[in-house]
Each structure stands twice: as structure tokens, then as C-alpha cells.
1. All but one of (1) closer than 17 Å to Val160 by Cα; (2) touching a helix residue (DSSP H, G or I) at 6+ places or on another chain (Cβ under 6 Å); (3) not charged (D, E, K, R) hold for Thr62; state the number of the condition that does not hold.
2. Give me the residue from region 31-41 that is in contact with a Lys or Arg (Cβ under 9 Å, 6 or more places away or on another chain) and in a loop (DSSP other than H, G, I, E, B) and, out of that set, surrounded by the most Cβ atoms within 10 Å (Cβ to Cβ).
3. Taking region 32-63 as the search range and keeping residues that are without any contact (Cβ under 8 Å) to a residue 40 or more places away in the chain and within 16 Å of the chain's Cα centre (by Cα), which one is farthest from Leu107 (Cα to Cα)?
4. Can we say Thr80 is hydroxyl-bearing (Ser, Thr, Tyr), closer than 19 Å to Val160 by Cα and surrounded by 12 or more Cβ atoms within 10 Å (Cβ to Cβ)?
5. For region 1-28, name all the residues that are open to solvent by less than 30 Å² (accessible area, probe 1.4 Å) and assigned to a loop (DSSP other than H, G, I, E, B).
Amino acid sequence: MTRSIAINVAANTNLPGFRGPVYPDGRFEYVPIPERAGTSERVPTYGDLSFGFDLPESVLDTSVHLDPAFAGVHGATRHTYGDEHGVKAGPLSELSPGDSLFFYATLSLHGGAPTSDRVVDDDWGTYLIGEFRVRRAVTGEQYEALSSTERERFAENAHVKRDPFDAKVLVEGDEKSRLFERVVPLSSREAGATANRLVTELSNDSGKGPWWRRRFWYDEPATAELRAIVDGGGREAAGAPWFG
């Protein structure tokens, strides 16, 4: 049974104080959150990374917590994600090979009015930005018991670089994993703060706190539909709106 989970990641108005951009045609930029813990080695700063917009000068020397890491993005060579919070670690550790871990972010509109039906007609919105097709998920304890060769597959992960190591779960994505080229909206067309049907109808919402910070579960049929939408099929291919 293939299933999926969607979780919130990336820069927001709390950390580091601004959202990443989404552009009128649906393209976007993945901006990680700052690193807030000590690390065993130097990690990149915002100034080390390449962006197509100007970041505040105040953050350029701030280290980033590059998690999730997507191969080929910001210097990463593997798809990995880690989390130190037990409330998310439990469900994530139960993901099986072939399941999906979707990542979503709140993004601010840059560059004028939307020209794509993927983009919310508001100053900000919530969007799917990437997906791991799960190769494996391990708890922190299971990671510690892995061979050095197996542990090396997670070596780039931000939680592995923390001193001390603090991940309660680590997820590795396979070769089908990717950061999307264009967003898939989770907000309604008119308002970033209003969820669309991918949240309200397809998901089993965790129901705690603002919806754009919550964890969403998708069963097998919902995962199949969500994957079809992400891949450009499903409702979009049939001419139905993303936001319906």
C-alpha cells in the first residue's frame, strides 16, 4: 500500500524572518531555514548559496540548516531529510520504500501578478515544492547501528552534521526524488491562508495549529491522485482547476 506524508519546510516569517519567493509563472526558490545548533563541521551560510533574488544582508553570514537536501541543489549530492521532533519522527519512520514524503513551504509572490494557474492570487501562499520517493527511513537509534558504509549515505544531512547528532528519524530519497521546477498550490486561488482541496479533501489533516504548519497524511488513492497532479496529470490534464 503506497501512502504519503506532506510536511512544512523552508524559510518562513519566523525563521529567518522572510519567505522564499514564488514567481508569477510558478517557478520558485528553495530557501532553507537557519541552523540553530552547533555543528561538527562548517556548514554553508546564506551568502554561500546561489539565489536569484537579493537576501537581506543581515542573514548572509548566517549558517543554513539545509534540510531537506535535494541532490543537485545547494551543493547536495543525495536526497536526505532528518527531524529531531518526536511528533513527526514517529510517522516518518514508518514510511516504506516507494512511499512519498512531500515537502511544502509558504512562499511570497515576487515579480507581479500571477501568470500561471499554479500561483495564488495573494501576497503569499502555501505550495508543494518537492518530493522524496522513499528509499528508506530509519530512526536515530537505527542510524547509530548502521554500518559505516550505510551511514555515509546520510553524511550530508544537517542533523548528522549537528554536534551532538540529534535526529530521531532520517529519510533517504531514491533517484525519483526531486525539487520541483514549479510549485503545486495547497492554498486556494484567492487567499494564501485558505486551504484548497488537496488539503481539505484528499488529506487526513493532523489538525493542530495553523494548517500551513501541519502534517498531512495521504492514503493510497489520495497518494495516487496527488502524484498525478504533481506530474501534470489528473485534474490539471483534464482541464479542472488546481484550486477546485
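The values are calculated or read from the model by the stated rules, or taken from the named source; none is laboratory data. Since we're looking at a predicted model, the values are computed, not measured. For neighbour counting, all protein chains shown are included, and Cβ atoms are generated from backbone atoms with ideal geometry for every residue, glycine included. Areas reflect the complete protein model, heavy atoms only, side chains present, ligands, DNA and RNA absent. Shrake-Rupley method; radii C 1.70, N 1.55, O 1.52, S 1.80 Å.
1. (1)
2. Taking region 31-41 first, the residues in contact with a Lys or Arg (Cβ under 9 Å, 6 or more places away or on another chain) are 31, 35, 37-41.
Applying the additional criterion that residues be in a loop (DSSP other than H, G, I, E, B) yields 31, 35, 37-38, 40-41.
Values: Val31: 23, Glu35: 19, Ala37: 14, Gly38: 9, Ser40: 11, Glu41: 6.
Among residues in region 31-41 that are in contact with a Lys or Arg (Cβ under 9 Å, 6 or more places away or on another chain) and in a loop (DSSP other than H, G, I, E, B), the one surrounded by the most Cβ atoms within 10 Å (Cβ to Cβ) is Val31.
3. Filtering first and then ranking leaves Pro34.
4. Numbers: hydroxyl-bearing (Ser, Thr, Tyr): yes; closer than 19 Å to Val160 by Cα: yes; surrounded by 12 or more Cβ atoms within 10 Å (Cβ to Cβ): yes.
The answer is yes for Thr80.
5. Hits for region 1-28 are Val9, Ala10, Ala11, Pro24, Gly26.
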